[in-house]
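Below: the structure, in structure tokens.
The values are calculated or read from the model by the stated rules, or taken from the named source; none is laboratory data. Here the structure is a predicted model, which means the values were calculated and not measured. Please note: Cβ atoms are built from the backbone with ideal geometry, for glycine as well, and neighbour counts cover all protein chains shown.
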Amino acid sequence: MKKIWHIAAKELQIVLRDRNLVLIMFLTPIVLATIMGFAFGGVGDSASSSFQHMPVVLVNLDTGFDLQQQIGVTETNLSLNDLTFNVDGAPTSVGELLQANTDITDTALNADSANFNFGNQLASILAATPLTDSNGLTSTTAFNLDELTCPLLTENGQENQQFAFAGTLDDLFDVDEMASAEAARAAVDRGDYVAAVIIAPGFSNQMMPTFSVAGDGGETTSGPAGEIEVYGSSGSPISALIVRSVVEGVVNQFTRISVALGATVDSAVNILLRNVSLANFDLTNFNLADLNISTQTLNTITGTLQTLDSSVLDPLGCLLTPGASNLHVNQQPLDQTQTLDAFSYIMIVLGSAQAVFFALFTGIFGMNSIYEEKRQWTLQRLIASPTPPRYLLLGKLIGNLLVVAFQISVLLLAFTVIASLVRGAPTFIYGRNIPAFLLVVFAIALFSSGLGVLVVGLFKTPEQVQFFGPMISATLGALGGSFGFRLPPAVGRISPIYWGVSALEKLGAGESGLALDVGVLLAIGVVLFVVGAILFRRRMTI
Amino acid sequence: MPPMVQTQKLCKSFRRSDGSMVDAVKGVTFDIEKGEIFSLLGPNGAGKTTLISMISGLLAPTEGDATIGGFSITQQPIEAKKLMGFIPQEIALYPELSARQNLLFFGRMYGLGGKELNRRVDEVLAFIDLADRQKDRIDTFSGGMKRRVNIAVGLLHRPQLIYMDEPTVGIDPQNRRRILDTVKQLRDQFQMTVLYTTHLMEEAQELSDRVGIIDHGEIIALGEQGELTQQVGEEDRIEIGLGNRAVPATYPAELQAQIPGVTRILYTPAEQLAEGSSQSTPARLTAFAKRGRTALPQLIQVLNKDGYEIQSVEVREPDLEAVFLALTGRALRD
């Protein structure tokens, strides 16, 4: 059995000592992927043109959030203007008091109009269209995207500049709206859109802060939870990443506003109602001075509510702030990679595709070297040695597998190093799960090597292999996305490169759902290997 | 003492591309005794390599069998191969690897390992006088150095039988001399049995204890050199090179009739060296006579009179080539 490993090790040894082979196997894909990384990854000036007018479908199911219900006045269906008590002997409404002491408007205190709908806001931002349907506080001022300042969207942004995209969201996305989440997902599956943004019915409730009402001992919490689902097309992973990043950034900003709003409103309302409660609702004895609400607090409340729209604009400049918990991303393995730069994304996607593509060549031409061994009589010398023929066959097959696995490992490691150098910090673009990484590499190597065994076993002469081998590799490469573009998943899945790249992308995203990708690769690899080995035995004779 | 190699009616047939069959080796039977150098002599295409490929286990015989040290090459191939060192005509080495790496790898294929393997590698490197170049890649070596490493691989496991297939092809005289000396050294110093194939009569004459002459897949003569030359008598051979002028078919017989002492005259027409080449070997007349030097002046006189241009003249003692010529009517180079 040792002889098998000696033969396999010899195969690897020969590869490493062949400068031309090293050049083709390692340097070429590294250079190609790096050039692609710079070309499409946003480092060069031409980067933006690759990511314009990405088709996105939007489904806004958000039902909004009723502010007054949350502060406990819904049961009486009263606005704050309806809540009156005596001030200096004269009946005065809370609304009047607030308006007299602050800049808060009457509209803001009306029960019918105090309805937040963050879903509408998000939809208007993504669609880059101002809100025209006035619906409560958030619609008092329409968004003006000309005033939007965001490093993501400007050419000279500083630390958060990710894509160097010089334009507006209007340039970035072409948004269509749909009413059904299922229809939107199906449209993405068909490849009509790069992503679907599905805003759940309870999104605004989820976003709004929890208000505690200490006065009556009760507590009102936000409504049913709602998430935003970014359903990305695996055929356009980078575009889907951009959609997700923008959505996440906007939602993140909503979260900030929500926290600020919650803190101020909760504080103010609690103080107000505690005093009302302490007075046993004897509003005739109520004095505004007893409320202990400072003018500054009221101004904060007022300012927050009144200027909500404009305050959204500037913070949008931090669209990529991580940590929002309101996003659920389906299908796309983007959970961790979203913190990476575009160059790293490119290295993950195209680098993986290049690695698998060149591994196919190595698998085929590595096995084709059996003809070279025959020509230089080393095969005859091996056959004349006291080594069982099956050992020679297994050694050759395992050797080729070893070479391909080594090649893939080196390439992925090189891509990681390059991405780290470009980024200026250690960046594990294929994740840190070493066992899973090795499993994926083995699965890809098994498939690539198995294909090589089959091709060389199938075709009778080295010339035939040299003609058909590249054709097969190129076809699989095109289907699997090795040439910088991706076909719809339904087509891409034909190519095992698709599964290899998918597995590597998931590794990079830190996802654990590798079973299908790895399973497909292993299954195809085993079949190719077994069938190929049976055919290849014919090549091991003189 | 049983022979080292025994072949029994070895046959090998190949199917041509047009579907017809060709018999490359036709029922060959012979023995090689232990400790002797046995040369298999024959022109290119005679079936030498096919015959040896069957003996060394590279090709399965269509019929018959061969034993190496008593082990059948078809029934007990591993045991038989352990006894044999294989030195093919081609440089069967990995050019990307160093001499030492090649030796280590093939040594492992023969079951060697550890310190023993390293010791053997050092020994054979010293034997071929390449210890100082052992770390250099094979593709940086000269042709002669590659040949020596090629031989060293076959000697690594100290086999009882060494098979050498035309090991001096394409190398300079100095390296050729070194290889021929090595072959004799293997027999004399290490008591190895050597099966040596060549198409060069001189090599077979210098090295061999016994010679087998093969032509068209059959052994046409077998024995010691003296025995073989006796088969063609004690006649000298007069080789006369002519120009490109064609010789009528009846001319050799007419010429023989005019010169006393000449028993036979064979004509070999001019032959192109390679397809499309402008160079060719001259036509030759080969005359056999008891006393070649006496018959020579008369031969030259008649040829001059008949208008033939004589380009070269050589008188040779009886040798293996004469045997081959006598048996086949063709020169060995044909």
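Laid out as a table, the results:
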{"quantity": "Residue in the stretch A:503-510 that is surrounded by 14 or more Cβ atoms within 10 Å (Cβ to Cβ), small (Gly, Ala, Ser) and closer than 15 Å to residue A:493 by Cα present", "calculated": "yes"}
{"quantity": "Condition check for residue B:144: of a type outside the set (Phe, Trp, Tyr), over 22 Å from residue A:5 (Cα atoms) and assigned to a helix (DSSP H, G or I)", "calculated": "yes"}
{"quantity": "Filter result (of a type in the set (Val, Ile, Thr), surrounded by fewer than 24 Cβ atoms within 10 Å (Cβ to Cβ) and either over 23 Å from residue A:344 (Cα atoms) or modelled with pLDDT of 90 or more (or both)) within the stretch A:431-464", "calculated": "A:461"}
{"quantity": "Test: residue in the stretch A:32-52 that is modelled with pLDDT of 85 or more, crowded, with 17+ Cβ neighbours inside 10 Å and either within 14 Å of chain B (Cβ to nearest Cβ) or farther than 24 Å from residue B:137 by Cα (or both)", "calculated": "no"}
{"quantity": "Odd one out for residue A:434 among (1) more than 30 Å from residue B:106 (Cβ to Cβ); (2) within 13 Å of chain B (Cβ to nearest Cβ)", "calculated": "(2)"}
{"quantity": "Index of the failed condition, residue B:249 passing every other in (1) free of Cβ contacts under 8 Å to residues at least 60 places away in the same chain; (2) of a type in the set (A, V, I, L, M, F, W, C); (3) farther than 28 Å from residue B:292 by Cβ", "calculated": "(3)"}
{"quantity": "Answer from B:171, B:162, B:179, B:128 - the residue that is within 14 Å of chain A (Cβ to nearest Cβ) and either at pLDDT below 90 or out of contact with any Ser or Thr (no Cβ under 6 Å at 6 or more places or on another chain) (or both)", "calculated": "B:162"}
{"quantity": "Those helices (runs of 4 or more DSSP H) lying entirely in the stretch B:1-112 with at least 1 residues farther than 24 Å from residue B:146 by Cα and within 20 Å of the chain's Cα centre (by Cα)", "calculated": "B:48-55"}
{"quantity": "Unmet criterion (only one of (1) under 25 Å from residue B:37 (Cβ atoms); (2) not in a loop (DSSP other than H, G, I, E, B)) for residue B:119", "calculated": "(1)"}
{"quantity": "Filtered residues of the stretch B:198-232 (kept if in contact (Cβ under 8 Å) with a residue 40 or more places away in the chain, in a helix (DSSP H, G or I) and acidic (Asp, Glu))", "calculated": "B:203"}
{"quantity": "Subset tally (residues that are away from chain B (no Cβ under 14 Å) and without any contact (Cβ under 8 Å) to a residue 24 or more places away in the chain) for the stretch A:381-415", "calculated": "1"}
{"quantity": "Check on residue B:75, at the interface with chain A (Cβ under 9 Å from one of its Cβ atoms) and on the phi < 0 side of the Ramachandran plot", "calculated": "no"}
{"quantity": "Residues of the stretch B:295-315 that turn out to be polar (S, T, N, Q) and surrounded by 15 or more Cβ atoms within 10 Å (Cβ to Cβ), as a count", "calculated": "1"}
{"quantity": "Test: residue in the stretch B:26-41 that is among the charged types (D, E, K, R), within 14 Å of chain A (Cβ to nearest Cβ) and within 30 Å of residue B:111 (Cα to Cα)", "calculated": "no"}
{"quantity": "Given (1) surrounded by fewer than 21 Cβ atoms within 10 Å (Cβ to Cβ); (2) within 14 Å of another protein chain (Cβ to nearest Cβ); (3) on the phi < 0 side of the Ramachandran plot, index of the condition residue B:69 fails", "calculated": "(3)"}
{"quantity": "Check on residue B:48, under 18 Å from residue B:8 (Cβ atoms), of a type in the set (Lys, Arg) and more than 11 Å from chain A (Cβ to nearest Cβ)", "calculated": "no"}
{"quantity": "Flag for residue A:61 being at pLDDT 85 or above and more than 14 Å from every other protein chain (Cβ to nearest Cβ)", "calculated": "yes"}
